[in-house]
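Some notes on the structure that comes next.
The values are calculated or read from the model by the stated rules, or taken from the named source; none is laboratory data. Note that this is a predicted model, so its numbers are computed, not measured. In this analysis, Cβ positions are derived from the backbone assuming ideal geometry, glycine residues included, and neighbour counts consider all displayed protein chains.
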Amino acid sequence: MSFRRAATVLATAAGVVAVAAACTIDDGTAVPVSRTVETTVLTLTESATAAPSTAMSADPATNGYRPTLVRTKGQQETTSFDVLLPQVLGGDQTVRERFNSGMRTALDDVVTDLTDVTVSDGELAGGERSRVTTVTDGVVAGTAIFTTYAQGAAHPNNRVATITIDAHTAQPILLDDVFVDPDAAATQLAAAVARIDPRADPVFADIGNFLNWVPLAEGFHTYVPVNHALGDWLPITVPWDAISPLMRPGMADQLSR
């Protein structure tokens, strides 16, 4: 049985959107399946975010972008979800749509990948939760943190998804875009995170361990995989000057401002 998306959910203030889709069974008959998604837009203020100030570089006045959290609730087959999804309002339309759709895709990937699971807001060490992390002249970035709990499981698990959009091109900034030699960068990052927070030791020098990241004014903010007792993912900020020699020309300036 395969699920095929037939519509795109757009956030509406305190609205409810029904999404039609179809399942295909072995004889080729299309069986309608429905998913109801309720979304509520909450505009962030300084007192509304639980993220520590050292991990938040979003300036609501930057280029007209306004960070928001969108309450998104719904059910898809046997998986239910009720989360605050990072989104932005205003600013450049192409950049805004690329960031917002990327965050919606992150939630969709979690929901469609699991069965008999409840998806809710997650929290990592230091009180980090889903948020728009960075709005500058160069980038729009954010982190989605979900907690998933499967029926009968011994404990819930956290999942992390990040996205960094180039504010000039509206394209995602990937680690290949950031570093001249990603393998060398992985070696440097692995040593740095273990030095900054010994709880992360050992971290293997594999660039795949640093795929979840966002740029902050303070540095390269990454989420490294750890054991469940530490929250599954540990947020650590590596100062820019520790890795800037490995970065492509101009990238340090774009990401650190």
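At-a-glance table
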read-out: Filter pass, ALA154 being part of a loop (DSSP other than H, G, I, E, B), more than 18 Å from LEU216 (Cα to Cα) and touching a residue at least 40 places away in the same chain (Cβ under 8 Å); value: no
read-out: Residue ID - farthest from ALA125 (Cα to Cα), chosen from residues in segment 228-256 that are within 20 Å of the chain's Cα centre (by Cα) and among the β-branched types (Val, Ile, Thr); value: VAL238
read-out: From the options ALA242, ALA186, ALA192, residue that is touching a strand residue (DSSP E or B) at 6+ places or on another chain (Cβ under 6 Å), more than 16 Å from GLU128 (Cα to Cα) and in a helix (DSSP H, G or I); value: ALA192
read-out: Any chance ILE173 is crowded, with 20+ Cβ neighbours inside 10 Å, in contact with a strand residue (DSSP E or B) (Cβ under 6 Å, 6 or more places away or on another chain) and in contact (Cβ under 8 Å) with a residue 12 or more places away in the chain; value: yes
read-out: Filter result (buried (at least 16 other Cβ atoms within 10 Å of the Cβ) and either hydroxyl-bearing (Ser, Thr, Tyr) or outside the structural domain of GLY91 (by TED's automatic domain parsing) (or both)) within segment 153-169; value: THR162, THR164
read-out: Criterion: in the same structural domain as ALA229 (by TED's automatic domain parsing) and either over 19 Å from THR237 (Cα atoms) or basic (Lys, Arg) (or both) - qualifying residue of VAL111, VAL119, VAL95, VAL180; value: VAL180
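Conditions tested, residue by residue: (1) in contact with a Gly (Cβ under 9 Å, 6 or more places away or on another chain); (2) under 30 Å from ASP92 (Cα atoms).
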| position | (1), (2) |
| --- | --- |
| ARG131 | yes, yes |
| HIS155 | no, no |
| ALA161 | yes, yes |
| LEU189 | no, no |
| PHE220 | no, yes |
